[in-house]
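Working notes, structure below.
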Amino acid sequence: MKYYIIAGEASGDLHTSNLMKEIKLLDSNAEFRFWGGDLMQSEGGTLVKHYRDLAFMGMIEVLQNIWSIKQNFKICKFDLLEFMPDILILVDYPGFNLRIAKFAHENQIKTYYYISPKIWAWKKSRAWKIKRNIDKMFVIFPFEKDFYKTYDYPVEYVGNPLLDEIEKKKLLLQNSSDFILNNKLNEKPIIALLAGSRKQEISIILPEMLKMVNQYPDYQFVLAGAPSFNMEIYQPIIGNLPVKVVFNQTYDLLKHAHTAIVTSGTATLEAALFNIPQIVVYKMIQFQYDIGKYFIKVKFFSLVNIIMDKEIVKELLQNNLEQLIKIELDRLLNDKIYRNQMLDNYKLLKDKLGEIGASKRTAEIIVHDLKSIVK
């Protein structure tokens with residue numbers, strides 16, 4: 001079978017590589033052509049565009065790169081028709097993928113979507129486009145089934161692929177001594193900083209996190225470097241502060257961290273699954289925030305709280321961040337009852353997410369559906 005896949009971010013590259021691996025176990029003749037990253041490329045097939053060339057965040061960055069974005073659409077449409085796959089698999093990345101879905105539907109290309117866009121947070125009207133253009137949607141959060149049900153659109157809840165990835169990686173993680181030695185750390189407890197994977201996020205949010213460093217001399221601050229960047233991105237922001245940056249070791253860092261300060265996104269869920277008490281922080285350009293608050297209609301902005309439908313981790317947004325981070329960090333470092341309450345809520349979160357095996361279940365449905373069509 002011929003599979004065309006589009007994943008536009010690092011997390012999509014990770015989860016799609018696992019999906020590809022499972023598809024290959026079921027379809028020995030699988031032929032992949034894709035937009036993604038290094039992890040997908042390691043599974044074989046042809047990489048058309050790397051996700052690092054696609055990640056434009058915010059209105060300003062989009063406008064600055066509008067020509068490149070238009071060219072990417074043009075390249076993708078032409079390439080899709082040239083390859084003419086048995087199935088198109090879209091992975092999150094809605095700004096690009098939903099337009100490609102419309103094009104694929106118009107050209108009678110079977111289209112499945114793995115990892116629903118977070119349209120329940122904003123742009124809920126996109127649900128109608130999904131219902132019209134997507135043949136099957138796979139969701140990874142339990143509450144998404146109820147969301148799509150209001151649009152009379154049945155979806156498949158396959159579990160969360162992060163559970164698979166963490167379970168797979170746990171056996172390969174370094175022990176504490178090796179992690180400290182290999183990264184030239186000291187013996188102080190670690191406060192992990194997870195500052196996002198986009199340049200704009202890092203440039204705006206990381207400085208707020210770094211304001212904590214000199215206020216907690218009994219701890220060491222370690223930053224998880226985004227996989228597509230290097231020290232050239234981080235060094236001008238960190239300056240002379242005593243902060244270590246580790247690349248390709250985010251799960252090792254979470255395993256050995258005492259507490260974490262995390263940019264909203266998938267990282268909040270990763271920290272919870274590693275049982276790391278955390279503070280969730282987000283900041284954007286002020287005019288984007290002023291506009292966005294009128295369109296984003298959710299009670300919470302961190303995945304952990306959204307899944308649980310209550311605040312189990314503190315969310316700090318936009319203003320007075322230095323003061324608010326310090327207040328919350330003091331609680332997490334010094335109040336054992338408060339920490340333990342968060343850890344107890346993490347257990348309930350894991351129960352809600354269910355069992356591992358999201359990639360396998362999704363692959364089984366896709367391959368079964370395709371073989372049924374061929375027969």
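As a proxy for reagent exposure, 113, 216 were ordered by neighbouring Cβ count within 10 angstrom, fewest first; the result is 216, 113.
From the Cα gyration tensor of region 166-353, with a ≥ b ≥ c the square roots of its eigenvalues, which class applies: rounded if a/c is under 1.5, or else prolate if a/b is larger than b/c, or else oblate? Note, shape of region 166-353 comes out rounded. Restricting region 165-260 to trypsin sites (Lys or Arg not before Pro) that sit in a DSSP loop and have at most 16 other Cβ atoms within 10 Å of their own Cβ leaves 184, 211. Counting only Cα atoms, the chain measures 65, 44, 40 Å along its principal axes, largest extent leading. With the crude spin-label approximation of a point 7 Å out along Cα→Cβ, what separation in nm comes out for residue 336 versus residue 128? If labels sit at residue 336 and residue 128, their model points lie 5.7 nm apart.
Neighbour counting of Cβ atoms within 10 Å sorts the residues 105, 256, fewest neighbours leading, into 105, 256. Report summary: the helix-based calculation at 222 nm, which adds -39500 (n - 2.57) for every DSSP H run with n ≥ 4 and divides by the residues of the chain, gives -15000 deg cm²/dmol.
Fewest Cβ neighbours within 10 Å first, please rank 259, 150, 362 accordingly.
Working: 259 20, 150 10, 362 26.
Sorted ascending by nearby Cβ count, the order is 150, 259, 362.
For region 131-276, compute Rh as the Kirkwood radius over C-alpha pairs and then the Stokes-Einstein diffusion coefficient at 37 °C and 0.692 mPa s; write the answer in µm²/s, rounded to an integer.
Details: Rh = 17.1 Å.
It comes out at roughly 192 µm²/s.
By definition, a body whose alpha carbon gyration tensor gives a ≥ b ≥ c is oblate when a/c is 1.5 or more and a/b is not larger than b/c, and region 157-220 fits this oblate description.
Cα centroid separation, region 339-356 to region 83-141: 30 Å. Shown for region 87-132 is the translational diffusion coefficient from the Stokes-Einstein equation, using the Kirkwood radius over Cα pairs, a temperature of 37 °C and a viscosity of 0.692 mPa s: 308 µm²/s.
Legend: distances between Cα atoms for 74/123; 314/336; 110/371; 283/310; 123/149; 145/283; pairs beyond 18 Å are 74/123; 283/310; 145/283. If the Kirkwood radius is taken over C-alpha pairs of region 189-228, then at 20 °C and 1.002 mPa s the Stokes-Einstein diffusion coefficient equals 200 µm²/s.
None of the figures in this text is laboratory data; all of them are computed from the coordinates on show. Note that this is a predicted model, so its numbers are computed, not measured. A quick note on method: Cβ atoms are made from the backbone with ideal geometry, for glycine too, and the neighbour counts reach across all protein chains shown.
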